[in-house]
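Structure first, commentary second.
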Amino acid sequence: MATRAGAGTVVAGAAVVALLSAALALYGPPLDAVLRRAFSLHKPHSITDMENTLQLVRNIIPPLTTKKHKGQDGRIGIVGGCQEYTGAPYFAAISALKVGADLSHVFCTREAAPVIKSYSPELIVHPVLDSPSAVRDVETWLPRLHALVVGPGLGRDNVLLENVKGILEASKARDVPIIIDADGLWLIAQHPALIHGYRKAVLTPNHGEFTRLSDAVLRDLVDGSDHREAVRRLSQALGNVTVVRKGERDVMSDGEHVLECAHEGSSRRCGGQGDLLSGALGVLVHWALHAGPEKTNGSSPLLLAALGACSLTRQCGHQAFQKHGRSTTTTDMIAEVGPAFRRLFET
Ligand SMILES: NC(=O)C1=CN([C@@H]2O[C@H](COP(=O)(O)OP(=O)(O)OC[C@H]3O[C@@H](n4cnc5c(N)ncnc54)[C@H](O)[C@@H]3O)[C@@H](O)[C@H]2O)[C@@H](O)CC1
Ligand SMILES: Nc1ncnc2c1ncn2[C@@H]1O[C@H](COP(=O)(O)OP(=O)(O)OP(=O)(O)O)[C@@H](O)[C@H]1O
Ligand SMILES: [Mg+2]
């Protein structure tokens, strides 16, 4: 990867918090061994710090009671799904439901809709994304949505991308939290102003998407080996939108604080795991923002949500891999969302 080297790169001032979410894993080596391994490259942090951060993630999870009405725990929209890609929006939408959202909507192209519907009767599917009235069609649903996940399986057709521009503008105008992934990030790399400074946005690039965004947005060179600083710089350059760089370790930043998730996952790199993460994040962002400052104790709600979604995705991978080994696919991981969630956040 071409490195952009950071002349005058300054780490000072950035509050860096490394979270060892592996400490949560109920499988695996003893806690002290896990701690030593995960912190070997970084400044040590106390177990109390880590436990406090994890407790904040647990704090944002709404209680299950008999007093709620349908929709209260999350109505999530996924914008994506086209001729080539029907799996990605399905993975994101079903993951949102499995994490605990009440309703999951998919806004996709006309021909992708029957395919996505056929995967699950639990999804609400709108075949509007390639229609001339796409922006208006989605806009009518925005007041009923708690978060929008833009990009899984969107593709790069210019007509669709133009419609998504309008959907992003309409969502920002309504203050709807937005998670941008996959081809949504392709659009942002072409037009960073679409998301610049929007504090309710989270970007979830994989390796290639991160490089593309950095090349598009950063003027100065960054040391490519320093992931934490690279993520912090990209977030800052985008006006402090939260950035989650997925990889061997997930690194996330709001331009100020940096969190890292090294929770044990799996060695399978099958497609769709990022889609699971983005759908889960849609719900957790809603919960984190809804929880209020007394629950998040001054921490960034979006960073806590990101940490929760990364830990959960990796825990799903870990559990699925234990059962299925090399044949593990994202469908196997989705089957683990419930048990993984309980292990991480409810025990
Ligand atoms: N079943 C489905 O429908 C799926 C559809 N997907 C969709 O496919 C579209 C394209 O997504 P892609 O993620 O392929 O993005 P790109 O089309 O930008 O491709 C990224 C490329 O980078 C490579 N790459 C990934 N990680 C790398 C690393 N660490 N080092 C070097 N190279 C690396 C990949 O092999 C891929 O060829 C999106 O719309 C996405 O949502 C994916 O989400 C996978 C599942
Ligand atoms: N080398 C790795 N080791 C362990 N976990 C990884 C590794 N790379 C990615 N992951 C995990 O896999 C999940 C998805 O990340 P990935 O980089 O595969 O996203 P993606 O390419 O967007 O996926 P998708 O195929 O859904 O588009 C994240 O939870 C991340 O933590
Ligand atoms: Mg992806």
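For the chain, Cys82, Cys108, Cys270, Cys316 have no disulfide-compatible partner, since no other Cys C-beta lies under 4.7 Å from theirs. Ordered by 1.4 Å accessible area with all protein chains kept, His207, His286 run largest first as His207, His286.
Extension gain for the segment Asn206 to Ala173, taken as residue separation times 0.36 nm less the Cα-Cα distance, is 9.1 nm to one decimal.
List the longest stretch of the chain that has no exposed loop site; here a site is one of the GluC sites (Glu not before Pro) assigned by DSSP to anything other than H, G, I, E or B, with at most 14 other Cβ within 10 Å. The longest such stretch corresponds to 123-247.
The accessible-area ordering, largest first, of the residues Arg58, Arg144, Arg110, Arg343 stands as Arg110, Arg144, Arg343, Arg58, per a 1.4 angstrom probe. The sum of -39500 (n - 2.57) across all DSSP H runs of n ≥ 4, divided by the residue count of the chain, sets its helix-only mean residue ellipticity at 222 nm to -14000 deg cm²/dmol.
Probing with 1.4 Å while keeping every protein chain in the model, the per residue accessible area of the chain equals 42 Å².
In terms of its alpha-carbon gyration tensor, the range 74-346 comes out rounded; the largest-to-smallest axis ratio a/c stays below the 1.5 threshold. May I ask you to give the percent of accessible area on the range 74-346 that is carbon plus sulfur, with a probe radius of 1.4 Å? Of all accessible area on the range 74-346, carbon and sulfur atoms account for 48 percent. When the surface is traced with a 1.4 Å probe over the full set of protein chains, Lys98 keeps roughly 110 Å² accessible. Roughly how many Å is it from the Cα centre of the range 290-316 to that of the range 192-266, as a whole number? With the range 290-316 and the range 192-266 each reduced to a Cα centre, they are spaced 17 Å.
Using only alpha carbon pairs under 8 Å that are at least six residues apart, calculate the relative contact order of the range 74-346 and give it in whole percent. Over the range 74-346, the number comes to 18 percent. Each residue was assigned an accessible area with a 1.4 Å probe, and for Ile76 the value is about 0 Å².
For the chain, DSSP calls about 25 percent of its internal beta bridges antiparallel.
For Gln72 and Ser120, what is the calculated FRET efficiency with R₀ set at 22 Å and r taken between the beta-carbons, to the nearest 0.05? Can you show the working numbers first?
Values: r = 22 Å, r/R0 = 0.98.
For R0 = 22 Å, the calculated efficiency reads 0.55.
Maximal additional length on extending the Asp157-Cys270 stretch stands at 38.2 nm, based on 0.36 nm per residue less the C-alpha distance.
The values are calculated or read from the model by the stated rules, or taken from the named source; none is laboratory data. Because the structure is a prediction, the values reported are computed rather than measured. A quick note on method: Cβ atoms are made from the backbone with ideal geometry, for glycine too, and the neighbour counts reach across all protein chains shown. Surface accessibility is based on the protein's heavy atoms, side chains included, excluding ligands, DNA and RNA. Shrake-Rupley method; radii C 1.70, N 1.55, O 1.52, S 1.80 Å.
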